[in-house]
Amino acid sequence: MPVLEVEDLAVAFRGEEVVSGVSFAIERGETVALVGESGSGKSVTALSVMQLLPYRYASHPRGSIRVHGQQVVGATEDEMLKVRGERVGMVFQEPMTSLNPLHTIERQIGEILYVHRALGRSDARGRTLELLNLVALPNARERLGAYPHQLSGGQRQRVMIAMALASEPDLLIADEPTTALDVTVQAQILSLLEELRERLRMAMLLITHDLGVVRKMAHRVCVMTAGRIVEQGRAATVFNTPRHDYTRHLLAAEPGGDPVPVARGAPAVMAAKELSVRFDLGRGWFQRARHLDAVRRVDVVVRRGQTLGIVGESGSGKTTLALALLRLLASKGDIRLGELAIQGLRVKALRPLRNRMQIVFQDPYGSLPPRLSVREIIEAGLKIHRREMSPADRGRAVGRVLEDVGLEPDAQDRYPHEFSGGQRQRVAIARAIVLNPALVVLDEPTSALDVSVQAQVIDLLRDLQRRHDLAYLFISHDLKVVRAIAHELIVMKDGAIVEQGEAAQVFDAPRTDYTKALMAAAFELETLAGGAADA
Amino acid sequence: MTAGTLPMGAPREADPGAGRSWLSPLTRRRWANFRANRRAWTSLWTVAAMVVVSLFAEVVANDKPILLGFDGELYWPTLFSYPETTFGGVFETEAAYSSDAVRELIDADGWMIWPLIPFSHDTIDRYTGGVAPEAPSARHWLGTDDVARDVAARIIYGFRLSVLFGLALTFLSSIIGIAVGATQGYFGGLIDLVGQRVVEIWAGLPVLFVIIILTSLFEPNPVALLALLLLFNWMALVAVVRAEFLRTRNFDYVTAARAIGENNFTIMSRYVLPNAMVATLTYLPFLLNGAITTLTSLDFLGFGLPAGYPSLGELLAQGKANMHAPWLGLAGFFTLAVMLTLLVFVGEGVRDAFDPRRAAV
């Protein structure tokens, strides 16, 4: 009997079906991956198994879900508590918000043991330690009293997994378990999950949008789009001989291609020497001031028409460096925009130069002001830097730049909430390039987007670079994306440059251990001894 | 939303029902929520109707006729002033239309249309038979007060004054509060630190005593009283707006606005303020209530508007002084109770409509 059997499942929100006709089964010891882009219904399907949907307006018009033969659709809350507590464990995407910030690690896990295993205090403590050792949390004994904010992202995810395992489930549901993590940590968590599944003979339902993760982990794959499973089968078969158009589209969509070819010796658009950023962490009345050196003595040169890629894990100072270069953050060191030294300039003197350096942010939902129309958003810069333009001229300029980024000119009368993530990112790019900048800083411009949209945005960026001779400073933790666009590469760790050079050379023959570990984690999803930080 | 499955060239609606609208789906959901709240929706319209009627108090309750026909010509005594001589009288001052002499003059060769209540708030009815304060009768629906003025007329004018005063006080203190809160929240750091301390000290002043002392030094008129109350009333919104600005100033779109070279004022007013307006809007009905209550209590204590102004607080004070005339106190009480309750219902509706924990109905 399969551990989980889903048949003809449908989910409706306020009467509107968002998932329909979903059927799949998972055997003991098997990993099945639900793959799809945002909005495809994969998380909704997973939450249905746990019956954790908001049933005030969600319902299951049809279908059955059986866990070990027990029907969960329509089960009472008491029955579900038993299923959730003893049969199924779940790991969520965001380990920071999924853990209770006010409880220690011991209490988070112990709670489950009291409730479902009826263990006493000292037994529960022993079992908690066992679980933490099982998920390979370093220094588990000392960390029993730690709070979630004292752990790193990877450590928190390990605690989440330990919580899910506390009830010795037969089925582990992992909803995007590594999406919020750095690549090296991702590799470690994936191999941990793999090892646990084998050792405990669990069934695993893996929900992800990342095809690399699927390829590495899953025995069988269900490809979902628009609330339906369009293809399912053995992982190797689906990857090698995809039958459905959407699967092919998804496989082809991974960012690829090469950077725009460039001439050597182009002039520097922006250069910084010995740039440092130090954050004040505050001081008490009698304490010495504490600091965080977010960027330490970094030298950077971005040349016309070229892309400088900056890679590194979260907290390595990539974004801080970019904001400091644009003088959006206070820093020390020499910054030159073209020939002009801009470090010492006053805010007022700097303002007229802002049109030459622009920035595009990661989150297309947070980077557009929600209550301004697209036209107002884009023309705000023109009003400042091209005062001679009449309103009609500005309208034409906005229309042109929208066409440039692949949106209809009539999009300008609409508001950000009417657009999808990829389209919003295009609006953000339009806002940057309408000023004819020499340099555009792209801070993780594709990280919040679905894979197929990522590829389109990368194509667009390359095209714009070719046509306008733009210089990019491209920040990303996603090495696949960087490889598709960067000419030169800087690898950062803890605010300092670990390695830099021509992109192709760094990718093909990394010199430092850290870079090697980063590449292995990113491209093979393997952990290498040496470079990676502890998780 | 099925992002990424379609070609990017053609814009597609993220939400098919969105349409082209300034209102975000969220705002429209809030509006729908508010309308679905029958109590709040009815209260809003009732208050609005009462305010509109009271705005035309001069044609509802007045001691001059609305329209007058005399000698084949039309006169508008509520709008223009006509000397008694116009109608063949002896005095060159404005005609006293309710006096018997003028009535006889006009009735001889014309007609008059009187308002519903033929008394203004300051009309002393010399022709009534009884002793002031006089109980409700056909002539005076809610009776008269202790100087023989019509209570119904005084309530209509008093309601208008209270609401207008409350609106003005709310509006002005919101502007100041938003400006101060925005400045503190946006710049943060030392400005915020100093600002917060100043607000705290200012809020610690014994407001009532200061007002009593100041009003005893000079005879207050509505504008002076407004300024005086404004001095202590502007802190209400500072905390809310400040918190909202502290949160929003770290959003990417604020950094993006700085990156295109927007100045601080533009960023604050165009990019950040619209977010703070949500929280502000939720507070406004309650602020309005507070402002009305403040004016009423000052009037009740005798430190508010000088004698002669139609004031609900003064009516209550008369009720207290004339316990044998319960219609005074009751009329004042019910007017205030209805007005404040309706405003609280509206406020609750607004608050619930903005509450994210309440799902759409």
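The values are calculated or read from the model by the stated rules, or taken from the named source; none is laboratory data. From a predicted model like this one, the values you see are computed outputs, not experimental measurements. For neighbour counting, all protein chains shown are included, and Cβ atoms are generated from backbone atoms with ideal geometry for every residue, glycine included. For the accessible areas, the whole protein counts, side chains as well, though only heavy atoms, and no ligand, DNA or RNA atoms are used. Shrake-Rupley method; radii C 1.70, N 1.55, O 1.52, S 1.80 Å.
Sort out which residues of region A:344-364 are more than 8 Å from chain B (Cβ to nearest Cβ) and either buried (at least 18 other Cβ atoms within 10 Å of the Cβ) or in a strand (DSSP E or B) (or both), and write them in order of number.
Correct list: A:Arg356, A:Val360, A:Pro364.
Please indicate, with yes or no, whether at least one residue in region A:425-432 is among the basic types (Lys, Arg), surrounded by fewer than 24 Cβ atoms within 10 Å (Cβ to Cβ), under 23 Å from the mean Cα position of the chain (by Cα) and within 26 Å of A:Lys318 (Cα to Cα).
Among the residues of region A:425-432, not one is among the basic types (Lys, Arg), surrounded by fewer than 24 Cβ atoms within 10 Å (Cβ to Cβ), under 23 Å from the mean Cα position of the chain (by Cα) and within 26 Å of A:Lys318 (Cα to Cα), which makes the answer no.
Which strands (runs of 3 or more DSSP E) does region A:211-315 wholly contain that include 1 or more residues that are within 23 Å of A:Gly495 (Cβ to Cβ)?
The qualifying strands (runs of 3 or more DSSP E) are A:268-280, A:291-303, A:307-311.
Residues in region A:401-413 that are in contact with a Pro (Cβ under 8 Å, 6 or more places away or on another chain) and either away from chain B (no Cβ under 13 Å) or open to solvent by less than 10 Å² (accessible area, probe 1.4 Å) (or both): how many?
Of the residues in region A:401-413, 3 are in contact with a Pro (Cβ under 8 Å, 6 or more places away or on another chain) and either away from chain B (no Cβ under 13 Å) or open to solvent by less than 10 Å² (accessible area, probe 1.4 Å) (or both).
Of the residues A:Met80, A:Met50, only one is of a type in the set (A, V, I, L, M, F, W, C) and closer than 30 Å to A:Ser191 by Cβ; which?
That would be A:Met50, the only listed residue that is of a type in the set (A, V, I, L, M, F, W, C) and closer than 30 Å to A:Ser191 by Cβ.
In region A:116-154, how many are within 14 Å of A:Leu165 (Cα to Cα) and not in a loop (DSSP other than H, G, I, E, B)?
Matching residues across region A:116-154 total 11.
Residue pairs, Cβ under 6 Å, 6 or more apart or interchain, first in region A:446-470 and within 13 Å of chain B (Cβ to nearest Cβ) and closer than 21 Å to A:Thr247 by Cα, second of a type in the set (Gly, Ala, Ser) and open to solvent by 20 Å² or more (accessible area, probe 1.4 Å). List them.
A:Asp450/A:Ser38
List every residue pair whose Cβ atoms lie under 8 Å apart, where the two residues are 6 or more positions apart in sequence or sit on different chains, the first residue falls within region B:145-157 and is closer than 15 Å to B:Val51 by Cα, and the second residue, located anywhere, is aliphatic (A, V, I, L, M) and open to solvent by 20 Å² or more (accessible area, probe 1.4 Å).
These pairs meet every condition: B:Ile155/B:Leu142; B:Ile156/B:Val53; B:Ile156/B:Val60.
Anything in region B:236-271 that is more than 18 Å from A:Val347 (Cβ to Cβ) and either among the basic types (Lys, Arg) or at the interface with chain A (Cβ under 9 Å from one of its Cβ atoms) (or both)? List them, or say none.
If the condition is that a residue be more than 18 Å from A:Val347 (Cβ to Cβ) and either among the basic types (Lys, Arg) or at the interface with chain A (Cβ under 9 Å from one of its Cβ atoms) (or both), then B:Arg242, B:Arg247, B:Phe251, B:Asp252, B:Tyr253, B:Arg270 are the ones that fit.
If only one of B:Val272, B:Val254, B:Val207 is buried (at least 16 other Cβ atoms within 10 Å of the Cβ) and under 24 Å from the mean Cα position of the chain (by Cα), which one is it?
The match here is B:Val207.
Condition check: within 13 Å of chain B (Cβ to nearest Cβ) and part of a helix (DSSP H, G or I). Does A:Val482 satisfy that?
Criteria not met by A:Val482.
Matching residues to (1) buried (at least 18 other Cβ atoms within 10 Å of the Cβ); (2) modelled with pLDDT of 90 or more:
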position	(1), (2)
A:Arg220	yes, yes
A:Glu231	yes, yes
A:Val238	yes, yes
A:Ala253	yes, no
A:Gly256	no, no
A:Ala263	no, no
